[in-house]
Structure formats: structure tokens, C-alpha cells
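Down below is the structure, laid out as C-alpha cells.
The values are calculated or read from the model by the stated rules, or taken from the named source; none is laboratory data. These figures come from a predicted structure and were not determined experimentally. Cβ sites come from the backbone with ideal geometry, for glycine too, and all protein chains shown count toward neighbours.
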Amino acid sequence: MLTGSIRNNAAAQEALYNRFSPRMLGVCYRFAKNREDAEDMLQDGFIKVFTQLHQYRNEGALEGWIRRIIVHTCINILKKNKKFAESVDIIHANSVYVREEMIPSIMQAKQVVECIRTLPLGYRTVLNLYAIEGYSHKEIAEMLDIEESTSRSQYTRAKAMLEEILVRKKIIQKQVKRTTLYGAVSPR
Amino acid sequence: MEQDFYNDDFEQLLKEKSDQFRMYPSKRVWHSIYNNLHPGRRWPSYAMSILLITSLTLIGYLNTSDSTAVNKFTFAAGNQPNGNDKIKSLQSSTGDNKTNYLAEVSYTESSVPDIIVASANSVVQPVNLKAPIVAELNDNRLAQAMDNYIASNQIFADVAAINKNKTVKEPEQRFTEKIQEDNSIEAEAVASKKINSEVTTAYKPAAHATADIIESKEINVSESDIEEPADKSTITTADKNALSQQEKSWIEHYAMYNKPPGNKWKDRVNVAYYVTPAVNYRKLSTNTKGSSTPFANSDINHSISQRPGIGLEAGAGLEYLIAKNLRLKIGTQFNYTNYNINADQTNHPILTTILLTDTYTGFSYPSARSSTISNNYNASAQQPVILRNRTYQVSIPLGFAYRMSGTRNVEWFAGASFQPTYVFGGNAHLLSTDLKNYVKDPSSIRNWNLNLGFETYMNYKLGTYNLQVGPQVRYQVYSTYRKNIALIEKPYAIGFKLGIVKGF
């Protein structure tokens, strides 16, 4: 599949796409405004994946390599939006009011993702990159052209806001210090 | 310490749940990727564009053809063809209105019309007519047989029989069956396991089976939960990568027929402003049927001194994104057309004639006029003057634009439009039959006309705005002059469009 894709074999490329696209679209969806934008990000990302696939050295998981390209594509697309830079630098937690109707009533993984997507664009992006994609604040600062301290403060505020949303949605309990799913067995 | 522990736990939760989340992209994403990776295989896009443009051109041509051309395709109720049995149209027998054609059928002894294709506004589906009418083929009354067949309601019985034999299930029916099937599987799973957190991560369409658990935790399940095929991947964490081909195809199929609520119209509609400076050309011809005094030279275009003029069109409109690659357009447009004629001003009126056409008989006849302007072709002008044949028009372009290719920021479009036009002013100079004089007559300009527009342009995304630039051709279908003027002028304009498009 990998060799065929590098040789520009359409069937192999489609197989590779079919294998990774569902999870990668989930990644894009967390960054995007809506599903359509997410699909556009996915499209651009996979075009880069296929055109740069010959650079993949089998040194790590292919999924991780594809995921990094997809994330970078999402960030590049977001950065082209002027409002994005403003939202990363300007928005403060106390200026954002989360209305109850903004919180979707959807279950489990999708519920958590939808709650993340209710965050302001800047918060959401930093939270996605730090908490989920595993980038450091230094890397995030370089990717988004912001200060490292800004990334930290954005993440702190994003997490506080997301926690509030998840508690109000009764997905997590705030009373105990350990975060657990409602009704779920604690992992520890 | 505890705070760190809490933070780690919270982030762990986010990462786990986010990693579990999957969505299945629509087919068009892969098609777009494929087209980008294999640009040499885009012939369907080009073929489609050529087909559309050819169709529009053909429509324009047929509209401008003379009545004999039209007669090739239609015939009146009392004037049906005979002898060679060429049936040019098949008429509905409902009522006396014989213009309601169902289809055009070409018939010979060896070719039996198999299918009547229903017209766009008809509820009649394709029907096999071969068997019922085959007995009628020996004479020349096939059309009558068709009428009788339809009038006897046999056609409706055939349609009902065809519909009854349909075995394809409706999407909702398939979905309901799938839900029932999933629920039964899920119910077994629930019965065999303790109700624990694994249940709450179960497959979403099984919401009915796990409803009690969900309700006890005061978590609402909306319709959208059931409609989200993406969560099918969370059947269990162990086999979340093991979706069978059948399941994937079902998800895709389900996604096709159960799309989430569409975006607001604002997401699909853009407003466009554009201006197109253009060079105006024209082609002259004549209708001299039955005239004893036709034009002195039939090659009128080369008997006068003329040169193209600069025109302009400007307008605003709406673009509706009907599909990923297709936009419908409607708007209002102002056109200014201009054409220059080199002439010579005379100091005194000259009696001359122009050729008119009787709109009832179609025959031409001369009409006397006076003129103070002469044609200076092949002669030096004493008092040179430039005559400007110009019109002011307002039109309503209805068209489409098809995205041929492109990237996220640069796209290539091709499109066509159909522009009903009202001419509200202008100036016209008619050529005399002897080609020596011009007669100024603004009243000869036809008020209602039709333009066809063809364009191709590049669309550049500049933040929230799109810039569109590209060549454009506009062709006027009917003559600039009224029907009673024997001189026929068909102008066309070649311009360069500059447009700005913005979403709401």
C-alpha cells in the first residue's frame, strides 16, 4: 500500500486514504468551523501526504506522520483567516460567555469533541495542539506565531472553560479531584 | 501534586475521547484528491463543460434559425407527415392541446419506438410501448395508435406494473431495518455483560437498547445522536479498526441518504459585483425576401467603413453553491454596447430608401427616407463624422459556473449564462438599399432581446473576498433592429471580466 502510493498508484492511494481518513477527519473536525471546512482541510492534508510520502522513512508510525501533516495543514489554513490571529491573542476567559444552548447534547467521544468545538477558535486550537496532539507550548508558539506565555495562558483558560462546559453537561464531576466520566468506572 | 494528578487525568480524558472520535468523509473528498494527484484523468470534467457549452450554443442557434428549421422538428395537428412514416412528435391525448409533446420518436418499418420518455413536468415514467403498438405498425397511423393507447389508460396500468415490480428499498426503510438489526445485536450484548462504562461507549444507533442507562445519568440523547454514523466506529475500543467493508459501505450509503441538516443558505450564497470592459463587434446580414430592390451589394460587411467600439457591462448578482463544483448565478446587469461607423456629413438632405420587411408576409419592400449622412467607403470624406450605433440595456443573467480545477486559493471556472435583455435606449443608423447613405432611426431598435454569455475565469481567494478575472464573450441572439427592418445586425462583445465575490 505504501509503496504503491509512493509510485502514484491510484488503488493503493485510495486504500491508504480509506484506512486513515476517518480518524484524520476527526482531527480536522476539532479544528474546523464545520464539517465542510473539515473536509477541505482533510483534502488539502491528504494531497500533501501523497505528494510527500516518499519522504516518509519508516522511523515512526505512519499514522503519526500523516497526523502531523494533517495538523499542520489545519493550522496553516486557520492562520490564513485574519480572525484567527486576533482570537489567539485577544480573547480572554472573562470576556467569553458560554451559553447553555451552545453545548450539544451528544454522547461520549463525539460529545467531548463537540464540547471542545464550542470553545473560541484560539482556545480550541491551543487546547487541541497541547492536550490532544501533544505539542509543547514552545512548538505551539512557533506554529501559531505567538508568545510561549500566550500559549500557556490560552491553554489554561481553554481548559477552565472546557471543564465548566463538561461539568455543566454532566460529563465529568468537579466535586472530586479526579476527573471521571459520569457512570464510568474510574480508570485508577 | 493533586492538582497535577487532576490535570493529567483531565487531559488523558480529552485525548482518549478525541482519539476515539472518527468521521467518515464524503466521496467528493477522495474525488478531489484523486483529481489533484492524477490531473491527466480529468477528462470527465472537460467533457461535461464542453457538452454544456455546446448545448447552450445549439439552443442559441436553433432560436435564431428561420422558421423552416423549426418545422423540421414540429408539425401542426392537422398537418401530420405521411408516406415515409417519420413521426416527429408524439402528442398527449389529454385534452385538445396538441402542443404537449411527450417525446420525439423517429419511426420506420424496422425501428419500433421502444420507450416514451416523459417530459420534465410529467409524472409519467419511462414506459415500454413496443408490445402494445406493434400490431399497429402496418399502416401510417402510428401517432393515432399512440393516442388511443394513452387514452385507453393502458399506459397508466403499465406504469403501475413497473412501479410495483420495483425491488429497490427506500433509504429510510433500509435504515430502519439496520437500526432494528443493530438493536437486537446490542440487546444481546447488554444482556450478557454487566452494565458498566463500556456500555456507555457503545455504538450510537443502539440508543434504544441503552436508553435506560443513559436516562439514569440525565444525559439527553437527541436525534442527531442516532443520525451520526461516525460513532459507529466506537463499537468497542478493541475492534474499532475492524469495520468490515459491508459496514463501511452501509455507513457511506446511510450518510448519502441521511445527510445532516444543510447549512444555512448564507453559507451557500455569495454576492458578486463585476464589471467587464469589452470590445464590440457586429455582423450584418439582410432579409431581402421577395424584394425587387434589394441591397446593392449583398456583402454589406465589406461595403462600409466601420470599426469596433468599446462597450461595458456591469452588474451584481447572487451565486448559489448547488454542489461543490457547480454554482448557479442570477443577477441584474447593465450593458452598454457601442459600434463606430465612419461616414461623411452632407450639407443637404438626400432622398434615399431603406428596406423594410412586412412582418405578416415576410416579404421586403422599400421605404423612402431622407438622409444627411453618406457612406464614405472607398472615398475621402468632405466632412468626416463618426456614427455611434449604441444601445443601453438591462438584463437578468441566469447561468452557472463550473469549477474546472483549482486549489484552495486559486480556482478555474467556466460558465455560461442566458440573459433576457431589455433595451431602454440607444441610437441606430440604418444603411440605405443603395449602400450610399445612413438614416438615423433610434425607433428601429428592438426593445426585448436575448444575449448568451460564455466565460472562463480564475477565482482568487483574498481573505473574505474572492477576486474573479477572466475573458468573457457575449453574443446577441436576435437582431438589434425590429422585425420590420430588413437589415439584420448581430453584435457580439469580447471582454475581460473583473469581479469581486463576497459571502453574506
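Summary table
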{"read-out": "Which numbered condition B:D434 fails, given (1) among the acidic types (D, E); (2) buried (at least 16 other Cβ atoms within 10 Å of the Cβ); (3) farther than 30 Å from B:T407 by Cα", "value": "(2)"}
{"read-out": "Residues located in the stretch B:397-430, provided they are among the hydroxyl-bearing types (S, T, Y) and surrounded by fewer than 21 Cβ atoms within 10 Å (Cβ to Cβ)", "value": "B:Y402, B:S405, B:T407, B:Y422"}
{"read-out": "Residue check for B:R369: free of Cβ contacts under 8 Å to residues at least 60 places away in the same chain and surrounded by fewer than 19 Cβ atoms within 10 Å (Cβ to Cβ)", "value": "no"}
{"read-out": "Residues of the stretch A:9-54 satisfying the condition of being within 7 Å of chain B (Cβ to nearest Cβ) and either touching a Cys at 6+ places or on another chain (Cβ under 7 Å) or in contact (Cβ under 8 Å) with a residue 40 or more places away in the chain (or both)", "value": "A:R23, A:G26, A:Y29, A:R30, A:L42, A:F50"}
{"read-out": "Number of positions in the stretch B:303-362 that are hydrophobic (A, V, I, L, M, F, W, C), under 30 Å from B:D434 (Cα atoms) and either part of a strand (DSSP E or B) or not assigned by TED's automatic domain parsing to the domain that holds B:D441 (or both)", "value": "8"}
{"read-out": "Any hit, the stretch A:95-109, residues being modelled with pLDDT of 60 or more and within 14 Å of chain B (Cβ to nearest Cβ)", "value": "yes"}
{"read-out": "Hits in the stretch A:1-20 - residues which are at pLDDT below 90 and of a type in the set (S, T, Y)", "value": "A:T3, A:S5"}
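Residue-wise test of (1) farther than 30 Å from A:S21 by Cα; (2) at pLDDT 80 or above; (3) among the hydroxyl-bearing types (S, T, Y).
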{"site": "B:S244", "(1), (2), (3)": "no, no, yes"}
{"site": "B:K259", "(1), (2), (3)": "no, no, no"}
{"site": "B:K266", "(1), (2), (3)": "no, no, no"}
{"site": "B:N287", "(1), (2), (3)": "yes, no, no"}
{"site": "B:R307", "(1), (2), (3)": "yes, yes, no"}
{"site": "B:G311", "(1), (2), (3)": "yes, yes, no"}
